[in-house]
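Chemist: This is the structure I have questions about; it appears just below.
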Amino acid sequence: MRRTKNIKIVLILALLFFFKANTVMAMSPEALNIYNKALDYHNEHKLFEAKVELKKALEIAPDEAIIRIKLAGILAEEGRWKEALDQYNYAARLKPDDAFIYISIGNILQEHNYYDDALSAYMQALKILPEYRFNNLNIATIKNLKGEHKEAIEYYSKFLYYYPKHLDARKNLASLYIKLKMHDKAIKEYDYILKNSPNLFKEYSNYGKALVLTKNYSQAVEILKAAIKEDESNIEAIANLAIAYSKTGQTISAFEQYEKCLILNPELDYIRYDFANLLLKENHINEAKEQYEIYITRVKDNDKAFYNLGVINQKQKNYSKAIEYISQAHKLSPDSIKIKHELARSYHFNKNYQKAINLYLDIIKTEKDNSEIYYNAGLAHHALKKYDEAIKLYKNALNIEVKDKVKLNLAKALNSKANQLYYSKKYKVAITYYKEAIEYNPMQFFSFTGLANCYQGLGDNEKALESYEQAIVLNKTKKEIFKSYADLLTKLKKNDEALGAYEKLLEFEPSSISANIQLADAYYKNNDIKEAIKQYKRILKLDNDNFDTIVKLANVYKEKNDFKKAKKYYEKALRINPDNVNVKFNLGLMLTELNKEDIAEKYYKEIINSNPNYAYAHYAMGLMNDKRKQYNSAIKYYEKFVKLAPGDENIARIKFRLELLKSKIK
């Protein structure tokens, strides 16, 4: 209730009371006549004349309280409130048990913001006349103005017990409930007012706010729409309607209301922050980012805004920006584990592993049972190739909670540590790490290949084969393993099995020259000359000038004593590489077998001229001259051969022939 309205009501009641009082009957006739004349003037709104008459009456009856009360009322009407208080206080001394005098005093003091004194006056009136229930409203109003909200609620409630239809009192009580966050009680008051006086109800905004705060979102939508209909610029109602829409799944409508708020007042930071949060929740990432960026230019102390903006940038892989924003959040809330964790992750993603590790280890001091932190710290050490530390941290994480991702990364760290040991030729220790890696991830293909390499290093080829076979079972798509497996089988002269491995290798790259050569070589080593020749020719279809294949094909024909074809391929090889002494030598041998010794001699001499230390060219020339009975030349070439190849298996025979030739010459 407004203060002026309170004063008028109380004054009217006071007048009615005093007209009936015995005091009037005790007033002298002369004073009474003057007093009645003053009343007439007052009724005619002639305040000055009424005041003159009342002063005359006081000269006759200075201790007549009713005269002073009437004079005080007129002075109050004129705005001369201090003089009015003097008269009321005088009257109170004359009639200390008159509650209405104190109510009048309280009204004036309340009107002029002397709340403590006004409250004292009202409380005195309550003490004198507790039956006057309206005084509870005065006390409630003062308590409210003084900020003594709980006591104000008590007196409003007492008043409404007797006057339940007093709407202004209910409105004030509802507002107090809102202030004290007693929203359910506020709703009951608003419900009563709306039900009993729908045409007079104007509290839609506060009512809607209370409904939102009590999560009655559907009802809040309708009430807040009514509030906005009354006042389209009611920003608080628009904001609360946005919340109600968002909570009832009407996201687009919520966005519209938040945008309306910010159009009406772009500086409403709390609205922009709520809007950004909703956009983020609904995965409108770029829009949320834009709102947060505007918000933080104005509000520098909201750690959550910086944190959310940092996480958005982290998800968008803008790691430098993520670090910038989350670092600011960390400055504002240095003890927040969540912020530290995301800052560490951002450093981690940005490959600043050491800073990430420092934060992870700091978190571990207080989060000793957080397996995820140990895991992330392990990942960072892993990235720095600090495998021992990574292994320890992964194991700590597993001791807290068993997770597949931790086991898999632990297996990788163990495998990497084993690789380091393998390259240092510490094969036995490496094997223990590979085996432990397999315990954590039996499907880890690379651990088996690592074992195979270590066993080969130790000379345990059978175990190496077994490990390769286990690796192939796990992953049949790695061509490198088939090659290593096939090469080892070849080394162990398990040619049939090697052949199958090379055939499998060729499935990966049918046009691979090297794979085709390896398969052809495998056929050759397995004495399947026919298939070897087919495979070598298949290679030449892929690469007609492949020198190594041409030479191998020539060699195969030479071994088959098919000298013409051998000669053909040696000549082809020589066209590609004219200076190759091995090809020249083999071609010389073929020409000799074909009785074309003169041409063969030409090639042998070319070899000796270009490479004087090529022993077998000297040997071939020795044989050729020996056959021609050109013994001196034969001796010269044989002696050169003996000098260049003293360890040759034929050396004894050649020496014997030398002695024989020398004896002939003598």
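The values are calculated or read from the model by the stated rules, or taken from the named source; none is laboratory data. Keep in mind that what you see is a predicted model, and the values were worked out from it rather than measured. Neighbour counts run over all protein chains shown; Cβ positions are idealised from the backbone, glycine included. For accessibility, only protein heavy atoms count, side chains too; no ligands or nucleic acids. Shrake-Rupley method; radii C 1.70, N 1.55, O 1.52, S 1.80 Å.
Chemist: So, counting K/R as plus one and D/E as minus one, what does the shell of residues with Cβ under 13 Å around Leu499 add up to?
Modeler: Net local charge, Leu499 excluded: -3.
Chemist: Leaving ligands, DNA and RNA out of it, report the carbon-plus-sulfur percent of the accessible area of the stretch 566-666 at a 1.4 Å probe.
Modeler: Here it works out to 50 percent.
Chemist: Taking the chain as the reference, fit the longest principal axis to its C-alpha atoms, fit the long axis of helix 204-213 to the helix C-alpha atoms, and give the angle between the two in degrees, 0 to 90, nearest 10.
Modeler: Tilt relative to the chain: about 50 degrees.
Chemist: For the chain, what is the mean residue ellipticity at 222 nm derived from helices alone (per DSSP H run of n ≥ 4: -39500 (n - 2.57); sum divided by total residues; nearest 500 deg cm²/dmol)?
Modeler: -25500 deg cm²/dmol
Chemist: Let me check I've understood the local charge: for Leu213, count other residues with C-beta under 10 angstrom from its C-beta, Lys and Arg +1, Asp and Glu -1. What total comes out?
Modeler: After counting each charged neighbour, the total is +2.
Chemist: What FRET efficiency comes out for Ser633 versus Glu469 if R0 is 41 angstrom and r is the Cβ-Cβ distance? Round to the nearest 0.05.
Modeler: That pair, Ser633 with Glu469, gives E of 0.10.
Chemist: Given the pairs Lys188/Lys260; Lys127/Lys181; Lys534/Lys564; Lys179/Lys209; Lys37/Lys70; Lys315/Lys355, which are separated by over 22 angstrom at their Cα positions?
Modeler: Over 22 Å Cα-Cα: Lys188/Lys260; Lys127/Lys181.
Chemist: Okay, moving on. Can you give me the angle between helix 235-247 and the longest principal axis of the chain, using Cα atoms only, in degrees from 0 to 90, rounded to the nearest 10?
Modeler: Result, in degrees: 50.
Chemist: Another question, if that's okay. Where does the charge balance sit around Leu361 when Lys and Arg score +1, Asp and Glu -1, over other residues with C-beta under 13 Å from its C-beta?
Modeler: With Lys, Arg at +1 and Asp, Glu at -1, the net is +3.
Chemist: How long is the gain from Asn283 to Asp231 if the chain were fully straight, where each residue apart is worth 0.36 nm and the alpha carbon distance is subtracted?
Modeler: 15.5 nm
Chemist: Treating only the Cβ atoms of Lys and Arg (+1) and Asp and Glu (-1) as charged, compute the dipole magnitude of the stretch 485-526 about its Cα centre; round to the nearest 20 debye.
Modeler: Taking the Cα centre of the stretch 485-526 as origin, the dipole is about 220 debye.
Chemist: Hey, another quick one. On the protein heavy atoms, probe 1.4 angstrom, tell me the percent of accessible surface of the stretch 196-240 carried by carbon and sulfur.
Modeler: Carbon and sulfur: 44 percent of the exposed surface of the stretch 196-240.
Chemist: Taking all pairs of distinct Cα atoms, average 1/r, flip it, and tell me the Kirkwood hydrodynamic radius of the stretch 329-448 in Å to one decimal place.
Modeler: It works out to 14.8 Å.
Chemist: What percent of all Cα-Cα pairs in the stretch 242-333 falls into each 10 Å bin, going from 0 up to the bin containing the maximum distance?
Modeler: Once binned at 10 Å, the Cα pair distances of the stretch 242-333 give 18, 48, 28, 6.
Chemist: Scaled to the compact-protein estimate 2.2 N^0.38 Å, what is the alpha-carbon radius of gyration of the stretch 569-666, rounded to two decimal places?
Modeler: Computed over Cα atoms of the stretch 569-666, the ratio equals 1.09.
Chemist: For the stretch 80-202, with only Lys/Arg (+1) and Asp/Glu (-1) charged at the beta-carbon, what is the dipole magnitude about the Cα centre, in debye rounded to 20?
Modeler: Using Cβ point charges on Lys, Arg, Asp and Glu, the stretch 80-202 gives about 460 debye.
Chemist: Let me ask something else about it. For the stretch 368-480, what % of the accessible area comes from carbon and sulfur atoms, probe 1.4 Å?
Modeler: It is 49 percent, rounded to a whole number.
Chemist: Checking a compactness column here: for the chain, what do you get for Rg(Cα) / (2.2 N^0.38 Å), N being the number of residues?
Modeler: Normalised Rg, Cα atoms only: 2.10.
Chemist: Accessible area per residue for the chain in Å², computed with a 1.4 Å probe and the full protein assembly in place, what is it?
Modeler: 52
Chemist: Angle check, please: helix 337-349 long axis (alpha carbons) against the longest principal axis of the chain (alpha carbons), in degrees 0 to 90, nearest 10.
Modeler: Its long axis makes an angle of about 30 degrees.
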